[in-house]
Amino acid sequence: MPGRYLPLLCLSGLFACAAAASATGMERLPATLFAALPADVRHPESLAVDPASGEVYVGTFDAREPASSRNNQLLRFDADGRLLAQRSFGATPLTGIGFFKGKLYVLNFGASTLQRLDAAFTATSPIEDLATFAALVPAAPPPRPIANPDGSQDLVTYGSQGFPAINGLVFDRTGALYVSDSFQGAIYRIAQAATCKPCRVEVFARDPLLATTGALPFGANGLAFNADESILYINNAGDGRVLRRRMPQGDIEILADGVYGADGLLFHQGLLWVAANQIDTLVALDERGRVRHRAGDFLGVTADGAPRGLLFPAASAVQGHRMIVANLALPLTPAVGDEWEEDVTRWNLMQFDLPDPPPPAP
């Protein structure tokens, strides 16, 4: 898999130069430690929070080879970062997790299955299988035409082996669950996911903008609704884009470009918080796609092997007046010595104080 993108230029409409950021008063929000994972648990990929208790839930993406060496876990921390419980998922990596009405919903990436268990889980809590995702026909979305400045046009075509790479999830107020597929360029919908068993999976959207030919081979990723659920936002990690679809039947559109490794996505108080895993930061966009805040920096690896600041942040979750961030810290390249993630031996969650909400748009 590919190494990191290294953006060298300021991108129009997205990442402003430091001088421009200073001129507008935009400051980077510092990240500090929230909790360390148990010593034998690696690669926190997904986060959820119980808004009533403040408990924090973490799913891991441990995809080491051989599979017998993997130790995927669902972790439960109290509001202050103390570990309360962990439930083993063994060799199957986890991606998106979500809290809804006292239950946790888990995308078991390795098993291509949506699962559910009690939010107050223990090491032996039962896990329910709700729905299995399958290969689509055709396996890849249709080609995408690209207009060039000289008036010519390229046609980008996609390939897929038909593996349903379930990745991000979000509930709407009715209890319908939306799930992204990073390899097949699709968004799925499961009606009444909190009560169905087994659940019916329907393809809600399929579009070439949901796929990628980028160096990072994950397309559609994080999902989030705006406040009135009139717009569904979608990250495309490989393309470094934030997309949107007006509900229920709008087209997929590009909101923002240049968000390198756009992974987890969260909408909070008028802002879209994007975990940009390839530049080790969270970016807060307003609903016009303009950067309003940035949070976190990579500040090195400590002597005990833990990231300082953010390193390959994959997800975030709001807990009261702060945001929790998962440091996935996942090495990607086969080369040795080219990534700081190779030095990590202890994984962690970070936190930062949320800024004041932006004023209403004129």
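Summary table below
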| quantity | calculated |
| --- | --- |
| Some residue of region 330-345 being touching a helix residue (DSSP H, G or I) at 6+ places or on another chain (Cβ under 7 Å) and buried (at least 17 other Cβ atoms within 10 Å of the Cβ) | yes |
| Residue in region 87-102 that is open to solvent by 60 Å² or more (accessible area, probe 1.4 Å), without any contact (Cβ under 8 Å) to a residue 12 or more places away in the chain and in a loop (DSSP other than H, G, I, E, B) present | no |
| Among (1) over 20 Å from the mean Cα position of the chain (by Cα); (2) over 16 Å from LEU216 (Cβ atoms) - the single one PRO307 does not satisfy | (1) |
| Tally, over region 306-362, of residues that are among the β-branched types (Val, Ile, Thr) and without any contact (Cβ under 8 Å) to a residue 12 or more places away in the chain | 1 |
| Residue count for region 213-235, restricted to those that are more than 30 Å from LEU117 (Cβ to Cβ) and at pLDDT 95 or above | 3 |
| Of all residues making up region 217-230, the number that are in a loop (DSSP other than H, G, I, E, B) and open to solvent by less than 10 Å² (accessible area, probe 1.4 Å) | 1 |
| PRO138 modelled with pLDDT under 95 and either at negative phi or over 21 Å from the mean Cα position of the chain (by Cα) (or both) | yes |
| Filter pass, LEU136 being touching a strand residue (DSSP E or B) at 6+ places or on another chain (Cβ under 7 Å) and under 15 Å from LEU210 (Cα atoms) | yes |
| Options PHE121, PHE77: the member that is open to solvent by less than 10 Å² (accessible area, probe 1.4 Å), over 22 Å from the mean Cα position of the chain (by Cα) and of a type outside the set (Ser, Thr, Tyr) | PHE121 |
| Among the candidates SER68, SER53, residue that is open to solvent by 50 Å² or more (accessible area, probe 1.4 Å), out of contact with any Ser or Thr (no Cβ under 9 Å at 6 or more places or on another chain) and in a loop (DSSP other than H, G, I, E, B) | SER53 |
| Odd one out for PHE183 among (1) at pLDDT 95 or above; (2) in contact with a strand residue (DSSP E or B) (Cβ under 7 Å, 6 or more places away or on another chain) | (2) |
| Residue within region 311-323 that is of a type in the set (Ser, Thr, Tyr) and either under 20 Å from the mean Cα position of the chain (by Cα) or at positive phi (or both) present | yes |
| Scope region 325-345; condition within 18 Å of the chain's Cα centre (by Cα), within 20 Å of ALA39 (Cβ to Cβ) and among the aliphatic types (A, V, I, L, M); matching residues | ALA326, LEU328, ALA329, LEU330 |
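Residue-wise test of (1) among the hydrophobic types (A, V, I, L, M, F, W, C); (2) in contact with a Gly (Cβ under 9 Å, 6 or more places away or on another chain).
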| position | (1), (2) |
| --- | --- |
| GLY270 | no, no |
| VAL291 | yes, yes |
| ARG308 | no, yes |
| GLY320 | no, yes |
| LEU330 | yes, no |
| VAL344 | yes, yes |
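The values are calculated or read from the model by the stated rules, or taken from the named source; none is laboratory data. All figures in this text were calculated on a predicted structure; none of them were measured in a lab. Here the Cβ is made from the backbone with ideal geometry for all residues, glycine too, and neighbour counts use every protein chain on show. The area values use the complete protein model at the heavy-atom level, side chains included, leaving out ligands, DNA and RNA. Shrake-Rupley method; radii C 1.70, N 1.55, O 1.52, S 1.80 Å.
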